[in-house]
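What follows is calculated from the coordinates using simple rules that are stated; it is not laboratory data. Computed from a prediction, not measured in an experiment: that's the story for all the values here. Glycine also receives a Cβ, built like all others from the backbone with ideal geometry; neighbour counts cover every protein chain displayed.
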Amino acid sequence: MTTAQHKIGSGFGARSTADDVLQGIDLSGKLAIVTGGYSGLGLETTRALTKAGAHVVVPARRPSTAGEAVDGIEGVEVDELDLGDLDSVRAFAERFLSSGRTVDLVINNAGIMACPETRVGPGWEAQFATNHLGHYALINRLWPAIAPGGGRVVAVSSGGHHFSGIRWDDVHWKTGYDKWQAYGQAKTANVLFAVQLDRLGQESGVRAFSVHPGSIRTPLQRHLPREELLARGWVEEDGELVPPSTFKSPEQGAATQVWAATSPQLAGMGGVYCLDCDVAEPAPADGALTGVQAYAIDPEQAARLWELSAELTGVNAFA
């Protein structure tokens, strides 16, 4: 069955932490893959999952940096993966599949935000390519290891999906690049990916979710100049950071993706966008940037994006 896009009354909220949602959950013997699991929310996700007993594989564009970040955390292995390079995605998947292991949880956590116009691969816009296409190719290439476990895949989206739907006539922003709208399109793509993967994966017992972690100060903001941080209320006039209470902590920010990946409350559910450790409500008609936009969970657009992604990457585990 597909879950209606409405709260289920999880009992958790915006200030719950990753450790909170894992109380009483034993992940011993489970294997998780967390892209970008060595920085910001990803690092907190890795810490929480390993504390609950999981073995976590952390694919990273900078393996040496990742290794230093996770040093001392039991049950973590690091491997190389550049989501903006499909050859790197293929190589990582081949190495993992050759190990003969199955995957119980995948959290597509890595991403870039509001970067200057950047091209990767065959001229693809970097945010769409890295945040969406790289993860799309990764899950499809890893499918032989994901399907047997009947586990969960979590796509980390953002409230930024409100900024833009999919620009079907120009997904790679060949004209009129706007860094925030490009980010919005990529985050909408993350939600649509989860919708379609959930539909395709149910026969194998695999369910997919997308999540908005909330507002957290992480290295994701590295591309934003001080003036923009000030305009968005993320720093004070004197350049000091706004009070921490304005943002979630990294431990709180990691909670929703950990909850979506592990909670028994979501058994039999899938294909939904989650917020504050619960299923989110539809976006209100007044234009407030909360909940989830209808275009981001539209099954027809989800299927169309899957077809486009398959065409662009040359990979489709369900063909």
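Note on Lys179: aspartates and glutamates with a C-alpha under 18 Å away, same-chain residues under 8 apart excluded, are Glu117, Glu125, Asp169, Asp170, Glu227, Glu228.
Of the Cα atoms belonging to the chain, the radius of gyration and Dmax stand at 18.1, 55 Å. What you get for the stretch 1-146, charging only the Cβ of Lys and Arg (+1) and of Asp and Glu (-1), is a dipole of about 340 debye around the Cα centre.
As a check on your grasp of the helix formula, calculate [θ] at 222 nm for the chain: sum -39500 (n - 2.57) over DSSP H runs of n ≥ 4, divide by the residue count, round to the nearest 500.
Helices in the chain give a 222 nm mean residue ellipticity of -10000 deg cm²/dmol.
With a 10 Å cut-off between alpha carbons and a GNM built on the chain, which of Pro59, Pro116, Pro250 moves the most? Highest fluctuation among the options: Pro116. For the stretch 19-74, the pair-distance distribution built from all alpha carbon pairs, in bins 10 Å wide starting at 0, is 26, 56, 17, 1 percent.
Backbone amide hydrogens, once placed in the peptide plane, bring Tyr273 within less than 5 Å of Ser210, Ala280, excluding anything fewer than 5 places away on its chain.
Checking the cross-link pairs Lys51/Lys248; Lys7/Lys248; Lys30/Lys248; Lys187/Lys248 against a 24 Å limit on the alpha carbon distance flags Lys30/Lys248 as lying beyond it. Peptide packing for 96-109, 147-160, 37-50 was compared via the average number of neighbouring C-beta atoms within 10 Å per residue; ordered from the highest value, the list is 37-50, 147-160, 96-109.
Distances between every pair of Cα atoms in the stretch 55-127, grouped in 10 Å steps from 0 to the bin holding the largest one, split as 16, 45, 31, 9 percent. Applying the Karplus relation 6.51 cos²θ - 1.76 cosθ + 1.60 with θ = phi - 60° to the stretch 65-73 yields 3J(HN,Hα) values of 5, 4, x, 5, 5, 9, 4, x, 8 Hz, where x marks Gly and Pro. The stretch 71-91 and the stretch 100-171 have Cα centres separated by 14 Å. With neighbours defined as other Cβ atoms within 10 Å of a residue's Cβ, the residues Asp298, Asp276 order from fewest to most as Asp298, Asp276. Amide H to amide H, with H built 1.01 Å from N, Asp79 comes under 5 Å of Val58, Ala60, counting only residues 5 or more places away or on other chains. Each 10 Å bin from zero holds the following percent of Cα-Cα pairs in the stretch 99-184: 16, 43, 26, 14, 1. With 0.36 nm allotted per residue and the present C-alpha distance subtracted, the Ala303-Arg62 stretch has 83.5 nm of extension available.
Provide the percentage of antiparallel DSSP beta bridges, counting only those with both residues in the chain; round to the nearest 5.
Approximately 15 percent, going by the DSSP bridge assignments.
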